[in-house]
1. From Leu188, Leu127, Leu168, Leu122, which residue is of a type outside the set (S, T, N, Q) and closer than 17 Å to Arg234 by Cα?
2. Can you tell which of Arg232, Arg166 is open to solvent by 50 Å² or more (accessible area, probe 1.4 Å) and touching an Asp or Glu at 6+ places or on another chain (Cβ under 7 Å)?
3. Quick one: in the stretch 29-62, of everything that is more than 9 Å from ligand 1 (Cβ to nearest atom) and touching an Asp or Glu at 6+ places or on another chain (Cβ under 8 Å), which residue is most open to solvent (accessible area, probe 1.4 Å)?
4. Among the residues in the stretch 5-21, are any over 18 Å from the mean Cα position of the chain (by Cα) and either surrounded by fewer than 17 Cβ atoms within 10 Å (Cβ to Cβ) or free of Cβ contacts under 8 Å to residues at least 40 places away in the same chain (or both)?
5. Identify, by number, the condition in (1) away from ligand 2 (no atom under 16 Å from the Cβ); (2) more than 18 Å from the chain's Cα centre (by Cα); (3) in a helix (DSSP H, G or I) that Ser106 doesn't meet.
6. Contact list please: Cβ distance under 6 Å, first residue in the stretch 219-234 and under 14 Å from Gln186 (Cβ atoms), second residue open to solvent by 20 Å² or more (accessible area, probe 1.4 Å) and not aliphatic (A, V, I, L, M), pairs at least six apart or on different chains.
Amino acid sequence: MLSGQKIVVVMPAFNAARTLRQTYDEVMAQGIVDLIILVDDASTDDTVAIARTLEHVQVEVHPLNRGYGGNQKTCYRLALAAGADIVVMIHPDYQYTPVLLPAMASMVGSGLYPCVLASRILGGGALRGGMPLWKYVANRLLTAVENLMFGAKLSECHTGYRAFSRKLLERLPLESNSDDFVFDNQMLAQILWLDSEIGEITCPAKYMPEASSINFRRSVRYGFGCLATGMRFRLARWGMAPPPV
Ligand SMILES: Nc1nc2c(ncn2[C@@H]2O[C@H](COP(=O)(O)OP(=O)(O)OP(=O)(O)O)[C@@H](O)[C@H]2O)c(=O)[nH]1
Ligand SMILES: [Mg+2]
């Protein structure tokens, strides 16, 4: 709880056995989290077995792999059903620090920002944390192009550490989004379309061997998906495509 608001952390998990416990321990150590919802996307390791041993964790298992976006659809649906006032998504691969949870949740809880993104670009956390140079350059270029199309000024559109208010989540037609990684980008486009305020906070990044990292082929597909998302948004602004919400 934070100022009487229920805080639910969602973790879209896929083969996160090696990093789950560490992420969990730090999330709970923040002392504000009421419930963690871990959705397992048909992992082939011990993710589910480990998750089931953890207190305050609701575990949901997809019998078949649906993808990162499909996983998040389940995460947000269950978080709303659990009565969350504030939902924070954090990857269970320990790439983002749970220490920022109270800061992000209070930015949402204050009512100022219905959406808060933890940026690895603001403050230079990405390169310091070992983000491969090609990913960094692609991130900056894609973000620049998308800012133009969205009419936004975000430092990065690609962080996987995000907090949302219940009210905002209830307004987003998330089920219509992709089941793949581009889900994150489509969700952002929907939030921007609603003219919702987005807060950003500096965040360190951590690239270590245990962390899950999207490979080159899927990154390329994700990149083109982002460009398509930006283009559709711009066409919608011009009245030449259906709006994202
Ligand atoms: N549901 C689902 N989740 C996945 C899949 N692949 C990865 N994930 C999860 O999605 C999260 C992000 O995936 P990553 O591959 O680390 O991608 P990323 O963090 O956006 O990119 P990097 O900066 O390269 O690490 C991780 O928590 C994974 O557990 C998948 O096929 N299905
Ligand atoms: Mg990762």
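1. Leu188
2. Arg166
3. By that ranking, first place goes to His56.
4. Yes, that holds for at least one residue.
5. Failing condition for Ser106: (2).
6. Tyr222/Phe181; Thr229/Gln186
The values are calculated or read from the model by the stated rules, or taken from the named source; none is laboratory data. Worth saying up front: this structure is predicted, and the values here are computed from it rather than measured. FYI the Cβ positions are ideal-geometry reconstructions off the backbone, even for glycines, and counts take in every protein chain you see. We work out accessible area using only protein heavy atoms, side chains counted, and drop any ligands, DNA or RNA first. Shrake-Rupley method; radii C 1.70, N 1.55, O 1.52, S 1.80 Å.
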